[in-house]
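Structure, as structure tokens:
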Amino acid sequence: MMLTRGRAVLLLGTPCLVMLTCFGIPLGMMALSSLHSDEAGWTLANYGRIIGSAYFWGVLISTLRLAAIVTASTLILGYTLAYYIVFHLHNGIARRVVYAILITPLFTSAIVLSFGWILMLGPAGAINHWLRALGIIDRPLDLLYSWTGIAIALTYTMLPLMVLTISSVLQNIDRVLLAASADLGGGPFATFVAVTFPLSLPGVATGSLIVFALSVSAYVVPSIMSGGRHLVISMLIYQQYMVVFDFGFGAALSIVLLIVTFIIIGIYSVVLERSSSTAWEPT
Amino acid sequence: MSLASYRCVVQSVACCLTVAVVVSMPYATSLAETVVHSTGYTGVWFDAQKACVFDPFNAKYKSEGLSVVADPGLSSTTLVRLRSEKSKPTLDVAWLDGGISEQALKDDVLDGIEVQHVPNIGNMSPQGVYKTGSGSIYALSAGYYAQGMFYNPSVKDKPDSWWDLWKPEYAGRSIFPSPAQAPFVPTIVFLNKVLGGSITNLNPVMDKFASLKVSQYYEATGVVQAALASGDILIGSYYVNVAWALADTGLPVRPFTPKEGVPAGDIRVELVKGAPHKLEAEKLINFAVSPEALNCLAEKLYLGPPLKHPQLSDHARERMPWGPTGSIENLAVPNWNEINDHRAEIIDQWNRRVVNK
């Protein structure tokens, strides 16, 4: 069916208009706000404060490191789960039950999830209790209000997004290719490395980008799980807006975070695209 | 058109008109009503405001077609809203904490309150009536609170000082507000002063807190209740009035006033500059600072009423921020303008020297 020009404009124009209204205009206003101060008028002073401060870069690096760890752990766990669901869970009812359990965190408030993790990770919480019962540790681990605790809670929150993204790609892999690999003498591991994983890279890339972007900007989970003892950049932005009332500096921090995240995502996409095309090259 | 068809069209039009009139009747009624838009606080604070101010106001003025709609929120979010709506406000009345109220005045989002429209000001203590340099009233207090301390009744030695937070037996089992909490900055300034520092020399308090082995600096008050319920926390700093309310529910918490004293604050009601319903908003403000409403807030939230002659039950009197026998005169209310001028620096030093250490 041919798409008329009018319909194409309507189909493309509507989401563009929504993006412009809900994202473009507020972002533009924030960018303008970052370049303005009540005392100095139009100025780059807010960006100067950030660029010249090792402290802010330190917090930014801590945030990016946390997001990278969460992305990596979510990828490992999410890929394993998605692979199991797609290739080994053949019972339709069981598969639906597993999907339902997996997506439960998406229907639950991040605040409720965080409070749940506070109970789980505390000195007398379930995790320390189990580890001690199994004889793995003698003393409770200091999991609560630590970077480890924040990473665990964020990983749990992000896991459904990774599983759903990867499993949708794994499901579309032509099983004939896997059979061909087996016919040519490839064992399960070799088939996974040479066929399945390269074909699932688009899902890995999309899932990782979603999880990384959401982890970098996450506020609720880090603010509750850090116990105020660690800072991520979103908490600094919140402080500037809601405690210090310095909207200009808060906006500048947001813009810097956005630019740095875009650069990292760009590099990641290019690297993944190249490795993906290399994997397809005949040898 | 046949007669039957004509009749059918007429009947359809009449039917539609009848439906439209019936549907629009409630709307027409609501158009005759004046709705004052106010903010409120959240959680138990909002519950108390609803019970003591908003619901009784609606009951009293229902016959006059006047009502109030209150949006729950934090003081800081209210200030952000006032700033963003400065050119065309939708709010009539704002409730802001001390400190944020001064910031709102500086931002030029508050209007002067006329004494002749708010006669209940006459019942209030002068300390609860906030005026600009030119004598214009920009805020009225609705109750004082204090940021004090609490301990778990299971501890052996009853604590009586702020410095008990640093005792080895409480290492990792104490709790203190983070910068996201309104009382954080005044408490830090207060403790710095006790330690011999000044607003321009924060070293004493920052050095002291850098050595504190705290369980957490709480970002949300709900965390305090969860920590108390779990029994993990033995000592901490919290609103004294809310700690009393938690103790009333059976949680293991005993509020106390440290011997060094406590920093105080208050909740205030303000008239928004350019309010769409200014006169009606002043009616709400007058109602909110009436002795009935202020005494009610004192009974429900243990807020110290800014009244010349408060009427309190013995139960509430024991839980006042100034103690059972004190008065508003005994409170250490901070110099908010000085604090606001140094707010960014205090938060910045805290982040650099205490957090992520």
For this session: Show the residues, 5+ positions off or on another chain, whose built amide H is closer than 5 Å to the amide H of B:S161.
Result: B:K259
Exercise. How much of the DSSP beta bridge set in chain B is antiparallel, as a percent to the nearest 5?
Worked result: 65
Seminar exercise, completed: Violations at 20 Å Cα threshold for listed pairs B:K106/B:K273; B:K158/B:K193; B:K88/B:K278; B:K62/B:K278; B:K62/B:K308; B:K88/B:K131 -> B:K158/B:K193; B:K62/B:K308; B:K88/B:K131
Exercise. Taking Cα pairs under 8 Å and at least six residues apart, what relative contact order does the stretch A:66-205 come out at, in percent?
Worked result: 32
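Per residue of A:56-68, how many C-beta atoms from partner chains lie within 10 Å of its own C-beta, taken as a mean?
So the per-residue partner count for this stretch is 1.
Just tell me, in residue order, which DSSP H segments of chain A are both 20 angstrom or longer along the helix axis (alpha-carbon based) and at least 1.0 in mean Kyte-Doolittle hydropathy. Don't skip to the end; give the middle numbers.
Working: long enough: A:5-19 (21 Å, 1.18); A:54-87 (48 Å, 1.54); A:147-171 (34 Å, 1.45); A:197-217 (29 Å, 1.60); A:247-280 (49 Å, 1.65).
Once both thresholds are applied, what remains is A:5-19, A:54-87, A:147-171, A:197-217, A:247-280.
Across peptide A:234-246, how many C-beta atoms of other chains are within 10 Å of each residue C-beta, on average?
Details: counts 0, 6, 3, 0, 4, 8, 2, 3, 9, 13, 11, 12, 3.
Average neighbour count from other chains, rounded to a whole number: 6.
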Exercise. So, in Å, what gap is there between the alpha-carbon centers of the stretch B:171-203 and the stretch B:44-74?
Worked result: 35
Exercise. Among A:Y99, A:Y55, A:Y47, which one shows the biggest mean-square fluctuation in a GNM of chain A, springs joining Cα atoms closer than 10 Å?
Worked result: A:Y55
Problem set entry | Sorted largest first, extent of the stretch B:224-357 alpha carbons per principal axis (Å) | 52, 40, 29
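Quick one: compute the contact order of the stretch B:155-247, relative version, from alpha carbon pairs under 8 angstrom and 6+ residues apart, as a percent. Present the calculation step by step, with values, prior to reporting the outcome.
Numbers: 87 pairs, mean separation 36.9, N = 93.
Here the relative contact order equals 40 percent.
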Exercise. What is the distance in Å between the Cα centres of the stretch B:109-157 and the stretch A:81-130?
Worked result: 48
Seminar exercise, completed: Rounded to whole angstrom, the alpha-carbon centroid of the stretch B:214-266 lies from that of the stretch A:7-51 at a distance of 41
Problem set entry | Antiparallel %, DSSP beta bridges [both residues in the stretch B:147-286], to 5 | 65
Exercise. In peptide B:339-351, what is the residue-averaged number of other protein chain Cβ atoms found within 10 Å of each Cβ?
Worked result: 3
Seminar exercise, completed: Distribution output for the protein assembly as shown: share of Cα-Cα pairs per 10 Å bin in percent, first bin at 0, values 3, 13, 20, 22, 18, 12, 8, 4, 1, 0
Problem set entry | Local electrostatic count, B:K283, Cβ distance below 12 Å [Lys/Arg +1, Asp/Glu -1] | -3
Seminar exercise, completed: Connecting every pair of Cα atoms under 10 Å apart in chain B and solving the GNM, the largest mean-square fluctuation among B:G326, B:G261, B:G133 falls on B:G133
For this session: Can you put B:T257, B:T78 in order of Cβ neighbours within 10 angstrom, beginning with the fewest?
Result: B:T257, B:T78
Exercise. Taking the Cα atoms of chain A alone, what are Rg (to one decimal) and Dmax (as a whole number) in Å?
Worked result: 22.8, 74
Problem set entry | Computed over the stretch B:77-167: relative contact order in percent, which uses C-alpha pairs under 8 Å that are six or more apart | 18
For this session: Indicate, rounded to the nearest 5 percent, the antiparallel portion of the DSSP beta bridges found entirely in the protein assembly as shown.
Result: 70
Exercise. From the phi of every residue in the stretch B:312-329, what ³J(HN,Hα) in whole Hz does the Karplus formula 6.51 cos²θ - 1.76 cosθ + 1.60 yield, where θ is phi - 60° and glycine or proline is x?
Worked result: 10, 6, 4, 4, 6, 4, 5, 9, 5, x, 9, x, x, 10, x, 8, 4, 5
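In deg cm²/dmol, rounded to 500, what helix-only [θ] at 222 nm does chain B give when every DSSP H run of at least 4 residues adds -39500 (n - 2.57) and the total is split over its residues? Mind showing how you got there, number by number?
Values: 13 runs with 143 residues, N = 357.
So the helix-based figure for chain B works out to -12000 deg cm²/dmol.
Values in this text are rule-based calculations from the coordinates and carry no lab data. Here the structure is a predicted model, which is why all the values come from computation and not from measurement. Every residue, glycine as well, gets a Cβ built from its backbone with ideal geometry; the counts of neighbours run over all protein chains shown.
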